[in-house]
Amino acid sequence: MTTSDRHGRAVARAGANFALVKYWGKADERLNVPAVGSISITLDALFTETEVELAPKQRSDEIVLDGKRRDEDLAKITACVDLLRRKAGIDTRVRVASRNNFPTGAGLASSASGFAALVRAAEAAFGLTLSPRERSIVARQGSGSAARSIFGGFVEMHAGSAPDGSDSFAEPLLESTAWPLEVVIAVTAKGEKEVGSRSGMTRSASSSPYYAAWVAGQPPDLAAGRAAIRARDFAALADVAEHNCLKMHAAALAARPPLVYWNGATVECLHAVRRLRAGGVPVFFTIDAGPQLKAVCAPGARAEVERTLRAVPGVLELLASTLGRGAELR
Ligand code: DP6
């Protein structure tokens, strides 16, 4: 049964995504246009499911995340839903009930899957039909990485250059079934991170001496990432993804005050993954604005990667996923 109906209610699910060539920095804060393009993979086992229901009697939107009211998130969500209200030509408020099946705000891409699911559900609740590109543009204004969770598999986000952000959207690069990589996430801390991506980016841009080099180095990394994915060249993708991740963190570490997203276990996991690869196991790591390490491996290598990461002191839990589909109505 589809829950999108004429009564102004819809439910959508979107998978989390992780960037292999990362988004870090903004060209336009108001339109949330990234300073750099990025390349990501969308996961199927970590997702957000969001219900949007029109609430004609309410004067403001309402958001409940994992059963708790989140008034602190209301302004961002209202601003994103406003874009769709404007397209639909209506002013009705909405009730949003959202659930993540993974820890929220701990560097596990909850804003990516969250805004992608929100946009997909709100679009249907308002009776709109957007193209995937339009969805991606709206989701970007909620959270940059959410523009990518509109699509499944391997995805590229274009930074764009139009002043209105109209060419700043994601599009699919390769379907998940064409190269079924797997992901093992080593959770090394629970709870929300200290400095979110948004303020981390602003701080890096304004105070890191390496920020300009980070931005300048992105086009060749994007070209290398794109070529590696098109050729299904694991070694080439591992090389560019680890290099790009460490450059992002180098820029963040050099900010003032510094942004140290890693803990000791993150670093031990990084070494463990590199040792595995040196021993012939097809695996590489990436780390976002939090202490969790994401290991990406070829099918068949997952059991060994799990065994190795589980043995690293400080690893609290492992999550595993294959690649998944884009945001869809339920
Ligand atoms: C380190 O998409 O969370 O995960 O656009 O401000 O909401 P906002 O930022 P967000 O940043 C993600 C940063 C990252 C790298 C990435 O996903 O590309």
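The values are calculated or read from the model by the stated rules, or taken from the named source; none is laboratory data. Remember, predicted model here, so these are calculated numbers, not experimental data. Positions of Cβ are generated from backbone atoms using ideal geometry, with glycine treated the same way; all protein chains shown enter the neighbour counts. Surface accessibility is based on the protein's heavy atoms, side chains included, excluding ligands, DNA and RNA. Shrake-Rupley method; radii C 1.70, N 1.55, O 1.52, S 1.80 Å.
Only one of (1) within 26 Å of Glu317 (Cα to Cα); (2) open to solvent by 40 Å² or more (accessible area, probe 1.4 Å); (3) in contact with a Leu (Cβ under 9 Å, 6 or more places away or on another chain) fails for Val195. Which number is that?
Here Val195 meets the rest and fails (2).
Give the stretch 247-258 a look and list any residue that's of a type outside the set (A, V, I, L, M, F, W, C) and open to solvent by less than 60 Å² (accessible area, probe 1.4 Å), or say none.
Correct list: Lys247, His249.
In the stretch 27-66, what residues are within 13 Å of the ligand (Cβ to nearest atom) and open to solvent by 40 Å² or more (accessible area, probe 1.4 Å)?
Passing the criteria: Ala27, Asp28, Glu29, Arg30.
So which strands (runs of 3 or more DSSP E) stay within the stretch 36-115 end to end and still have 1 or more residues that are basic (Lys, Arg) and in contact with a Gly (Cβ under 9 Å, 6 or more places away or on another chain)?
94-100
Assess whether Lys87 counts as being within 11 Å of the ligand (Cβ to nearest atom) and open to solvent by 40 Å² or more (accessible area, probe 1.4 Å).
When the stated conditions are applied, Lys87 does not pass them.
So the check is Cβ under 9 Å with 6+ separation or different chains; which pairs have a first residue in the stretch 22-38 that's aromatic (Phe, Trp, Tyr) and a second one that's assigned to a loop (DSSP other than H, G, I, E, B) and within 6 Å of the ligand (Cβ to nearest atom)?
Tyr23/Gly144; Tyr23/Ser145; Trp24/Ala289
Collect the residues in the stretch 188-223 that are of a type in the set (Ser, Thr, Tyr), part of a helix (DSSP H, G or I) and away from the ligand (no atom under 12 Å from the Cβ), keeping them in residue-number order.
Of everything in the stretch 188-223, those that are of a type in the set (Ser, Thr, Tyr), part of a helix (DSSP H, G or I) and away from the ligand (no atom under 12 Å from the Cβ) turn out to be Ser206, Ser207, Tyr211.
Those residues that are hydroxyl-bearing (Ser, Thr, Tyr) and either away from the ligand (no atom under 13 Å from the Cβ) or free of Cβ contacts under 8 Å to residues at least 24 places away in the same chain (or both), I need them from the stretch 154-187; list them, please.
Ser161, Ser166, Ser176, Thr177
Rundown of residues vs (1) surrounded by 22 or more Cβ atoms within 10 Å (Cβ to Cβ); (2) closer than 25 Å to Glu175 by Cα; (3) free of Cβ contacts under 8 Å to residues at least 24 places away in the same chain, yes/no style:
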position	(1), (2), (3)
Val260	no, no, yes
Glu268	no, no, no
Phe284	yes, yes, no
Ile287	yes, yes, no
Ala298	no, yes, no
Val305	yes, yes, no
Thr322	no, yes, no
Gly326	yes, yes, no
